[in-house]
Amino acid sequence: MKKTLIIQLLTDDKNSWFVPYAKRLCDELITLNHKCEVIHSVKDIKLGDILFILGCKKIIKPEYLLYNKSNIVVHESNLPKGKGWSPVTWQVLQGNNSIPVTLFEAQEGLDDGPVYFRDSIELDGTELVQDIRDKQALCKLRMCIKYVNEFPVCSKVQIGESSFYEKR
């Protein structure tokens, strides 16, 4: 039987569109016999196994990354390309129908950590904002569950030239 993990889901804006999905992910992790809670401030981070940093607007200071064995971000770009802010919006504006998604280990540098998994969100061009968010969130949840089920996971270093999206 797999070990029960202590998992925290950080969404640093209580009013974020992602909060209901974070609660859904937490409920699913609990049904998999893990301890899980949704938090909205880095000050609420406790010692644990995995911290998922999902839908955050602020960069987390390195000292907060010491509380958990693994600190995971899911970012909608093909890292190292597309680091930064609002990657889905920027890629939709660029006319991309396939949005790459990367699950990686958070480090001090913005979107710099080693990669664990990659996936993608497929758009047909008829989606409204909520449709895109649903696809985005379901992909994040699927990747997070995969990470937990395979924990600990081997990572790969990011390879290639970096690019950045500015805040919108």
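Which residues, taken from the range 113-128, are without any contact (Cβ under 8 Å) to a residue 40 or more places away in the chain and within 19 Å of the chain's Cα centre (by Cα)?
Passing the criteria: Phe117, Asp119, Ser120, Glu122.
What are the residues in the range 33-55 that are open to solvent by 60 Å² or more (accessible area, probe 1.4 Å) and part of a loop (DSSP other than H, G, I, E, B), if any?
If the condition is that a residue be open to solvent by 60 Å² or more (accessible area, probe 1.4 Å) and part of a loop (DSSP other than H, G, I, E, B), then Asn33, Lys46, Leu47 are the ones that fit.
Considering (1) among the charged types (D, E, K, R); (2) surrounded by fewer than 14 Cβ atoms within 10 Å (Cβ to Cβ); (3) under 25 Å from Thr89 (Cα atoms), say which one Asp12 fails and leave the rest.
Unmet for Asp12, out of (1) among the charged types (D, E, K, R); (2) surrounded by fewer than 14 Cβ atoms within 10 Å (Cβ to Cβ); (3) under 25 Å from Thr89 (Cα atoms): (2).
When the residues of the range 56-89 are narrowed to those that are in a loop (DSSP other than H, G, I, E, B) and aromatic (Phe, Trp, Tyr), which ends up most open to solvent (accessible area, probe 1.4 Å)? So that I can check it myself, show each step before the final result.
The first filter runs over the range 56-89 and keeps only residues in a loop (DSSP other than H, G, I, E, B), leaving 56-61, 67, 76-82, 85-86.
Okay, now just the ones that are also aromatic (Phe, Trp, Tyr), so 67, 85.
Values: Tyr67: 90, Trp85: 59 Å².
By that ranking, first place goes to Tyr67.
Kindly check whether there is at least one residue in the range 32-49 that is closer than 15 Å to Tyr165 by Cβ, modelled with pLDDT of 95 or more and not small (Gly, Ala, Ser).
no
Going by the conditions given, is Gln107 open to solvent by 70 Å² or more (accessible area, probe 1.4 Å), within 19 Å of Asn68 (Cβ to Cβ) and not hydrophobic (A, V, I, L, M, F, W, C)?
Numbers: open to solvent by 70 Å² or more (accessible area, probe 1.4 Å): yes; within 19 Å of Asn68 (Cβ to Cβ): yes; not hydrophobic (A, V, I, L, M, F, W, C): yes.
Yes.
Any residue at all in the range 115-122 that is closer than 25 Å to Lys2 by Cβ, at pLDDT 95 or above and exposed (fewer than 15 other Cβ atoms within 10 Å of the Cβ)?
For the range 115-122, residues closer than 25 Å to Lys2 by Cβ, at pLDDT 95 or above and exposed (fewer than 15 other Cβ atoms within 10 Å of the Cβ): present.
Mind checking which residues of the range 15-32 are surrounded by 13 or more Cβ atoms within 10 Å (Cβ to Cβ) and over 11 Å from Val148 (Cβ atoms)?
Ser16, Trp17, Phe18, Val19, Tyr21, Ala22, Lys23, Arg24, Cys26, Ile30, listed by residue number.
Taking the conditions exactly as written (within 23 Å of Leu5 (Cβ to Cβ) and within 18 Å of the chain's Cα centre (by Cα)), does Lys156 satisfy them or not?
On the way: within 23 Å of Leu5 (Cβ to Cβ): yes; within 18 Å of the chain's Cα centre (by Cα): yes.
Taking the combined requirement at face value, the residue satisfies it.
Is there a residue being part of a loop (DSSP other than H, G, I, E, B), of a type outside the set (A, V, I, L, M, F, W, C) and either out of contact with any helix residue (DSSP H, G or I) (no Cβ under 9 Å at 6 or more places or on another chain) or at pLDDT below 95 (or both) anywhere in the range 127-150?
no
The values are calculated or read from the model by the stated rules, or taken from the named source; none is laboratory data. Being a predicted model, the structure only gives us computed values, none of them experimental. Here Cβ is always computed from backbone atoms with ideal geometry, including for glycine, and neighbour counts include all displayed protein chains. SASA here: full protein model, heavy atoms, side chains in, ligands and nucleic acids out. Shrake-Rupley method; radii C 1.70, N 1.55, O 1.52, S 1.80 Å.
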